[in-house]
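Below: one structure, written as structure tokens.
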Amino acid sequence: MKKHKLFFNFFRSTNAIIGGVIIVLFLLTALLAPHLAPKPPNALSLKDALTSPRREYILGTDEFGRSILSRIIFGARVSLNIALIASAVALGIGVPLGALAGYYGGWFDSIVQGLVDLTWAFPTILAALAIMFILGTGLHSVMIAVGVVYWAGYARITRGQFLALREEEYVQAA
């Protein structure tokens, strides 16, 4: 399928357009958080604690008087950061292992595929919590744990691509 045909098919799908708009809005919110947030996310105002929504605090405040809207907007940055780092960890583990397994095959492929099956046998949340128990608390532990849990999908896809490429004539001729 040619690239321009794929591009036009994307715009024919209502679900794809809605998903694309949501992703773009999320990215813009994360990037422009300091300009979009009405107040600093950690600014305390004990006199405004637990206020209901009003003009000054559109979504109200928490028990410390912090603007809930500001905290949600700045939370997009944290969520995006976690997603990017966790994806990088998963790619960094899965792609090299899948490439080596697909290229060399044999006993190494069997070991990697066994690890993939073992990883997929556990519920992802439970496995991530177990990894976080070992690493400790904090955002860095969350990023690493999520990345380690999701490496198997990247490994299996990469292995399949390497197996297909290994059988091509130009690879065998070299």
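Overview of values
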| quantity | calculated |
| --- | --- |
| Any hit, region 54-66, residues being surrounded by fewer than 19 Cβ atoms within 10 Å (Cβ to Cβ) and assigned to a helix (DSSP H, G or I) | no |
| Residues of region 16-48 that turn out to be in a loop (DSSP other than H, G, I, E, B) and either touching a Lys or Arg at 6+ places or on another chain (Cβ under 9 Å) or under 30 Å from residue 6 (Cβ atoms) (or both), as a count | 9 |
| Residue within region 160-172 that is buried (at least 16 other Cβ atoms within 10 Å of the Cβ), among the basic types (Lys, Arg) and over 22 Å from residue 85 (Cβ atoms) present | no |
| Pairs, first without any contact (Cβ under 8 Å) to a residue 60 or more places away in the chain and farther than 12 Å from residue 89 by Cα in region 134-151, second polar (S, T, N, Q) and surrounded by 15 or more Cβ atoms within 10 Å (Cβ to Cβ), C-beta under 6 Å, six or more apart | 135/141 |
| Residues within region 107-133 that are touching a Leu at 6+ places or on another chain (Cβ under 7 Å) and either assigned to a loop (DSSP other than H, G, I, E, B) or not β-branched (Val, Ile, Thr) (or both), tallied | 1 |
| Single residue of 69, 100, 28 found to be surrounded by 16 or more Cβ atoms within 10 Å (Cβ to Cβ), farther than 27 Å from residue 149 by Cβ and among the aliphatic types (A, V, I, L, M) | 69 |
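None of the figures in this text is laboratory data; all of them are computed from the coordinates on show. Fair warning: this is a prediction, and the values are worked out from it, not measured in the lab. Cβ coordinates were reconstructed from backbone atoms using ideal geometry, including for glycine residues, and neighbour counts include every protein chain displayed.
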